[in-house]
């Protein structure tokens with residue numbers, strides 16, 4: 001194998017090619033984070049109305065009870081709250097999460 005040419009560290013790979021391959025990744029990371037957020041916002045399952053449909057279908061949830069009102073306010077307050085809520089696999093887990101987060105039991109009492 002011939003010796004590397006002047007200006008290269010390895011045979012066939014110039015400094016300019018390596019520099020092109022070593023592009024600053026920070027703008028891409030920021031762009032991807034922004035795109036992830038846009039996709040999340042466009043995803044219907046995270047919209048408040050869809051999450052409230054899931055809430056109202058849970059067994060034992062009575063519309064406009066103190067528990068229901070507190071949960072609606074909790075879910076409307078933040079996208080992360082909605083994501084956490086829908087990520088639980090079972091109805092019991094969803095109810096337990098909501099009771100813990102709002103501090104009110106589904107069947108009355110604190």
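Taking the Cβ-Cβ separation of residue 39 and residue 107 as r and a Förster radius of 25 Å, what is the calculated FRET efficiency to the nearest 0.05?
0.10
If neighbour count is taken as other Cβ atoms inside 10 Å, put 61, 48, 39 in order from fewest to most.
If I rank by nearby Cβ atoms, fewest first, I get 39, 48, 61.
In what sequence do 106, 62 fall when counting other Cβ within 10 Å, fewest first?
62, 106
Treat the count of other C-beta atoms within 10 Å as a stand-in for reagent exposure and order 35, 75 from fewest to most. Intermediate results must be reported in sequence, preceding the final value.
Details: 35 10, 75 22.
Fewest-to-most ranking of 35, 75: 35, 75.
Quick note: the coordinates plus some simple rules give every number you see, no bench work behind them. The structure displayed is predicted, hence computed values, not measured ones. Here the Cβ is made from the backbone with ideal geometry for all residues, glycine too, and neighbour counts use every protein chain on show.
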